[in-house]
Amino acid sequence: MAAAEASEDPDLQLVVACQAAPEEGFDGPFRALYEAYRDRVYSTCYRITGNATDALDAAQETFVLVHRRIGGFRRESRLSSWIYRIAVNASIDLKRRSTSRPWTSLEALRSDPDRGLDPEDDAQPDPARAVGRGELASDVQAAIGRLSDKLQVVVVLRYLQELSYDEVAETLGISLGTVKSRLSRAHEALDRELTGRLDRHYTD
């Protein structure tokens, strides 16, 4: 993204504040970033991982990585695209790797260890709140979950997180044509599976 475009990022001042005060950790400007993005990140992770426990783990990992890397963020893309990319990768990695590998806790970012975030913290989102009223029927969600990672991610970002085609391309670092191609393939796969399920439902 050109410098002129990057300057239009609505989160530019938030980025500048986080980069200017890294020593303040989680309780400084990063708190504002977390509160601005926690529901969107959790929702993305929930759609990709398919369950609340893994979504919470992936969301925590996302914010740990964002905190570690914010100082090196060059503002070549919007902050939102950068964070979504980290959340997508964290969610996919969680699906692929052994559950025995420990995750880094957000608690490590706090100056006061007694104030660590956990699933019981009121600040933590839950599926009903984060995903919202537009929850898909279980068979549709299951069908999306069976797509390949590449197809699932474009569906989640485009239709469930409501990113534009350009934003999806920027987030994933792929061309606009690739986004449209993957969405077309996803449509075909979902149409085949869901049509078959409906046919079986009405013939039973």
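The values are calculated or read from the model by the stated rules, or taken from the named source; none is laboratory data. Computed from a predicted model, the values in this text were never measured in an experiment. Heads up, the Cβs are rebuilt from the backbone with ideal geometry, glycines too, and the neighbour counts pull from every protein chain shown.
The residue pairs whose first member lies in region 64-93 and is part of a helix (DSSP H, G or I), whose second member is surrounded by fewer than 18 Cβ atoms within 10 Å (Cβ to Cβ), and whose beta carbons are closer than 6 Å, counting only pairs six or more residues apart or on different chains, are Val64/Thr104; Gly71/Gln19; Gly71/Pro22; Ile86/Leu65; Ile92/Asp149. Is there any pair linking a residue in region 149-169 that is outside the structural domain of Tyr37 (by TED's automatic domain parsing) and crowded, with 19+ Cβ neighbours inside 10 Å to one that is part of a helix (DSSP H, G or I) and among the small types (Gly, Ala, Ser), with Cβ under 6 Å and at least six apart or on different chains, and which? Correct list of pairs: Leu151/Ala186; Val155/Ala186. When Ser111 is tested against (1) touching a helix residue (DSSP H, G or I) at 6+ places or on another chain (Cβ under 8 Å); (2) at pLDDT below 85; (3) part of a helix (DSSP H, G or I); (4) surrounded by fewer than 16 Cβ atoms within 10 Å (Cβ to Cβ), exactly one condition is not met: (3).
Identify, please: which residue in region 172-193 is under 19 Å from Ser77 (Cβ atoms) and loosely packed, with under 12 Cβ neighbours inside 10 Å and is, among those, nearest to the chain's Cα centre (by Cα)? Going through the qualifying residues, I end up with Gly173. If you scan region 1-44, which residues turn out to be touching a Lys or Arg at 6+ places or on another chain (Cβ under 7 Å) and either at pLDDT below 75 or of a type in the set (Lys, Arg) (or both)? Answer for region 1-44, where residues must be touching a Lys or Arg at 6+ places or on another chain (Cβ under 7 Å) and either at pLDDT below 75 or of a type in the set (Lys, Arg) (or both): Ala6, Gly25. If a residue must be closer than 22 Å to Asp11 by Cβ and surrounded by fewer than 24 Cβ atoms within 10 Å (Cβ to Cβ), how many such residues does region 36-59 contain? The qualifying residues number 6. When region 157-169 is filtered for residues that are closer than 14 Å to Ala87 by Cα and either in contact with a Leu (Cβ under 6 Å, 6 or more places away or on another chain) or among the acidic types (Asp, Glu) (or both), the ones remaining, listed by number, are Leu157, Val168.
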